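Input: a single structure, listed below in structure tokens.
Every read-out reported here was derived from the displayed coordinates using simple, explicitly stated rules and does not represent laboratory data. Everything numeric in this text was worked out from a predicted model, so none of it was measured. No Cβ is skipped: glycine too gets one built from the backbone with ideal geometry, and neighbour counts run over all protein chains shown.
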Amino acid sequence: MTFEQWFHTLPMRLRSFFRRKKVDQELEDELRDHLEQQIQEYLAAGMSPKDARYSALLARGGMTQIEQRCRDARGGNVIEDLVQDLRYGVRQLVRNPGFSLLAVLCLTLGIGANAAVFSWIEGILFRPYPAVAHQERLLALAGTARGETGPMPLSWPDFRDLQRSCTLCDAFFVSKITGSTLDVGERAEVTRGSIVSANYFDAIGVHPVLGRGFEPGEDAGSDAHPVAVISYQLWRSRFKSDPQIVGKMQRLNNVPHTIIGVAPEGFYGTFVGWAMHFWVPASMEETFESGGYKLEDRDARWIESYVRLKPGVTRAQAQEEISAIATRLEANYPATNRGRGIRLWPLWQTPFNNAGTLLPTLEIMLAVGAFVLLIACANVGNLLLVRSIARRHEMTVRLAIGGTRRRLLKQLFTEGLILSTLGAAGGLLVAYWCRHALVLLLPARSGVAMYLPGEIDWRVMSLSAGICLIATLIVGLVPAFQTRSIELAGALKAESSGVVGARGTAWLRSGLVVFQVCLSFVLLVGAALLLQSLQKIRTTSPGFSTTNVVQTGVSLISAGYDVPQAKTFQKELMDRVRALPGVESAAFARVTPLGYGTYSSTPIAVDGYQPPPEGQPTVDYN
Amino acid sequence: MSKPSDLVQGTLDMLILKILALEPLNGWAVSRRLKQMSSDVLGVSDGSLYPSLHKLEQRGWITAHWKLSENNRRSKFYSLTQLGRKQLEKEAADWNRLSAAISGIVKLKEA
């Protein structure tokens, strides 16, 4: 229909819906008027009044049918039908609570599993930093080196040159994960934080709620600016929301830092995997990083950084410019930069946090979610099919008294829609409860629990709504298929003999069962393989006993202990832990066996290899 | 031979539009007029006429007003709208093209 037509149609449709009585009355008047004129004509032709009336009625045909066809022609009853179908559908569901509950639970599971996975993918991969301005234009920045497959960190001078020469990017900033023991009041615990460039808070558009962010120049010099911004959560929990916090001193990695600001609520830094609780400028890197002063050393590669593109710039365009700058750096500083490049990564492939490592896991989860949804749909479809056989009589009667198939289908789909909408609502609730559940699957590392929040935003909502519609179609299609085969005369007769399941239905039912069995089989095989791998991991002996072992991390030097103090502490801690009832033995280790971290050894010598004068080979071990 | 009242699918709408283009009429008069104008060849049952009128009204091609008819009865009169006039022109042109094509074929001399 054209816009002009809608201009006419819409008021009429609304009128047929809201002033139904009046519209119906008018229709009746119109048809009666017609009848009267017919009678007049017959009378004029010389019939008796009785005959004239009789003939006129005969000529007109069924009043109700005409009225119904007129109503259909007006189309105003789209809304009316929907309301009617909804009401009828709800009544049907309430009448069969067992069936309804089962169907809704099935769909809740199917849609909920998908919505939860969507929310994780959204919160971890696509929108990991909700407080950050324009994160859709944010990209991760990492170095490459000839002969190395993996991404490399960048050096501070390279980063600075990049920042100065790049024209297609809004902002460059550094955010390198670090940690420190935080000793406040009576409790000390390992806390994660970031070493950042001075422009960090301005670049991401996050403004401290108390105090200030870093000022330009605070990221220059050797241990020159011992200042820190702390997270809102840390301020609330460990500093008891102290309003006078700004200006107070806090020891971080054994160096007193002045707290200059508190980040806003809901900001957890820019690292997928852990919530950040403090930020220090890059000038403090010596305090937190090994390897001494690195801000003027082009050969010291340690930083992790991000860029934000200018609006309308694509990743490929920015990559081209950045590669050109890297080539120039290579020419200017051949000693340090030969064979080195710089590469942009989308946030969901960020190589230096957990986004990249979780990507395959989430992909598998997505596939499993889709399978679960299909199985749930097949299940509910089967339930509906069985019920539609029970409802065959109702359908047949409705067709017999003049209901159109179209109308019947509309009703069946409306019932499907009610089921899947309830399922979707339940599913979103499940997703909401599960939004932090991913962490439960991952062990805490170095004594700090991971932070992997799901994000339920409008994108997740609309995806779930889409899934709900697909489920409606699948679920509604099954009984709809069933009505196709209803043959009035045959069905009415067959009804009494109680034959259930014509050939067509049986075919559909077995088809659904085969489909379900296939999907379940795929999932079962997947689960079995997973369990087998798990079993192998559990039974493979690492060479030491792993049962009843608990571990935690302590970082004494960062808590302000000197070496003799730390030794005393260790000895005392061991003695006291060993004295605990139920503790058989206790030990310290620098490296957790089979843990995630790697450590560099002291320099080693390799037979027949002459190391370059300025470097000595080391090995990473675990 | 088929019944004379069998209208080619879709032509009823066009005929109603044409009849209403001449003057506003109520439903009864439309059915009479159709019969007269086609010399009793075309007829339409009430079961088709009224749904058709309502559909055309719905599409904005005709509008309806309640008026007193000659014999002083309240009657629903339909008249053509500006949109309806355009639609009629379009359908009439289509019809002329179609019927010319068909009669051209039908009139071919057999060898």
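As a ratio to 2.2 N^0.38 Å, the alpha-carbon radius of gyration for the protein assembly as shown is 1.47. Too long at a 23 Å Cα-Cα cut-off: which of B:K18/B:K90; B:K35/B:K55; B:K86/B:K107? Pairs exceeding 23 Å: B:K86/B:K107. For region A:407-480, dividing the convex hull volume of the Cα atoms by the residue count gives 84 Å³ per residue. Per-residue Karplus couplings for region A:173-189, computed as 6.51 cos²θ - 1.76 cosθ + 1.60 with θ equal to phi - 60°, are listed in order as 8, 9, 8, 10, 5, 8, x, 7, 6, 10, 10, 10, x, 9, 10, 10, 8 Hz, Gly and Pro entered as x. Applying the Kirkwood pairwise sum to the alpha-carbon positions of chain B produces a hydrodynamic radius of 15.2 angstrom.
Here the translational diffusion coefficient of region A:314-412 follows from Stokes-Einstein with Rh set to the Kirkwood radius across Cα pairs; for 20 °C and 1.002 mPa s it amounts to 108 µm²/s. Note on chain A: Lys pairs 8 or more places apart or on different chains, Cα atoms under 25 Å apart, count 5.
A helix-only calculation puts the protein assembly as shown at -17500 deg cm²/dmol for mean residue ellipticity at 222 nm, using -39500 (n - 2.57) for each DSSP H run of at least four residues, averaged over all residues. Legend: mean number of C-beta atoms from other chains within 10 angstrom of residue C-beta atoms, peptide B:74-84, equals 2. Remark: spin-label model distance A:R19-A:Q317 equals 5.7 nm, labels positioned 7 Å along the Cα→Cβ axis.
Counting Cβ atoms of other protein chains within 10 Å of each Cβ in A:26-37 and taking the mean gives 5. Taking Lys and Arg as +1 and Asp and Glu as -1, the other residues whose beta-carbon sits under 9 Å from that of A:S119 total -2. Net charge of the neighbourhood of A:G61, taken over other residues with C-beta under 12 Å away and scored Lys/Arg +1, Asp/Glu -1, is 0. When you restrict to C-alpha pairs under 8 Å that are six or more residues apart and normalise by the size of chain A, the relative contact order lands at 19 percent.
Compactness of region A:3-74, taken as the C-alpha radius of gyration over 2.2 N^0.38 Å, stands at 1.44. Note: region A:147-338, Cα convex hull, 132 Å³ per residue. For A:I259, the shell of other residues with beta-carbons less than 10 Å away shows a net charge of 0, using +1 for Lys and Arg and -1 for Asp and Glu.
For the segment A:64-71, counting C-beta atoms of other chains within 10 Å of every residue's C-beta and taking the mean gives 4.
Rounded if a/c is under 1.5, else prolate if a/b beats b/c, else oblate: with a ≥ b ≥ c from the C-alpha gyration tensor eigenvalues square-rooted, which is region A:206-302? The shape class here is prolate. Put simply, the convex hull of the Cα atoms in region A:351-407 casts, on average, a shadow of 6.0 nm².
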